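Q: Okay, here's the structure, questions in a sec.
Derivation of every value follows stated rules applied to the coordinates shown; laboratory data play no part. This one's a predicted model, so the numbers in the text were calculated from it and none came from an experiment. Neighbour counts are summed over all protein chains in view; Cβ atoms, including those assigned to glycine, are modelled from backbone coordinates with ideal geometry.
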């Protein structure tokens, strides 16, 4: 008889209260993909879970599921990485929320994505330790890597429409036609991608998150990278991201 218990590692994406002292926890796991699980009594003072089920926590879980039509229940959880540094800093918290947002919105439930799980886990670990002023560069790296992991790797040498070689000084992105575009294929809706921003896209796809410590970027280049990422999300998913607006409201991102 197949066991109804499953051991898996997971990242807490979000949680919502229900009933008296209980929570529904949304998780990205290494074995089961994105799931929801109930945690009974987690909000009570003497709960065995403590702060382990807070957003951004990286945990080892024991799950129970009676049948495929029911929610998982969290029977036990051990902390691997608390990532408290993210929750204790407003700017890092908003960056962490931006890391999680596309997983919540665009990743199908219970679709095993081990590469995506590793991507999110490593990004949050680096975010927990990185200086606050470097967190936005880490987020830009993550957004580009996320799209690549989802099957939309960005090449930067030829036009996605006509296949012609691109000039770094004449490269564009478009929410309808995609990226990159040459000057002949651009439309009135297209935005120009400056050479430093174009170079960053290629660099971000090839380098580990830890390299974000060394990134320096002019404000105008950061804005250009941000606009490019927005165009990509609109082109691929037909929706933008709310998290960038929250970051702008803090005044630390223009």
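Q: Sort all Cα-Cα distances of the stretch 5-82 into consecutive 5 angstrom bins from zero, then give the percent of pairs in each bin up to the one containing the longest distance.
A: Percent of pairs per bin, in order: 3, 18, 31, 29, 14, 4, 0.
Q: Any idea how far the Cα center of the stretch 165-226 sits from the one of the stretch 62-85, in Å?
A: Cα centroid to Cα centroid, the span is 39 Å.
Q: Cα-based Rg (one decimal) and Dmax (whole number) for the stretch 133-254, in Å?
A: Spelled out, the Cα radius of gyration and Dmax of the stretch 133-254 are 13.8, 41 Å.
Q: Could you check the simple spin-label distance between residue 223 and residue 88, using points 7 Å along Cα→Cβ, in nm with one decimal?
A: A separation of 3.5 nm, rounded to one decimal place.
Q: At q = 0.15 Å⁻¹, what log₁₀ I(q)/I(0) does a Debye calculation on the Cα points of the chain give, no solvent, two decimals?
A: So the normalised log intensities work out to -1.04.
Q: For the chain, what is the percent of antiparallel DSSP beta bridges, rounded to the nearest 5?
A: For the chain, the DSSP antiparallel bridge percentage is about 90.
Q: Any number yet on Rg/Rh for the stretch 68-160, C-alpha, Kirkwood?
A: 1.03
Q: Moving on to the next point. Name the residues of the stretch 57-83 whose amide N is less than 16 Å from a point 7 angstrom out from the Cα of residue 6 along the C-beta direction?
A: Within reach of a label on residue 6: 59-77.
Q: Given the Cα-Cα distance of residue 162 and residue 199 and 0.36 nm per residue of separation, how much length would full extension add, in nm?
A: Full extension of this stretch gives 11.2 nm more.
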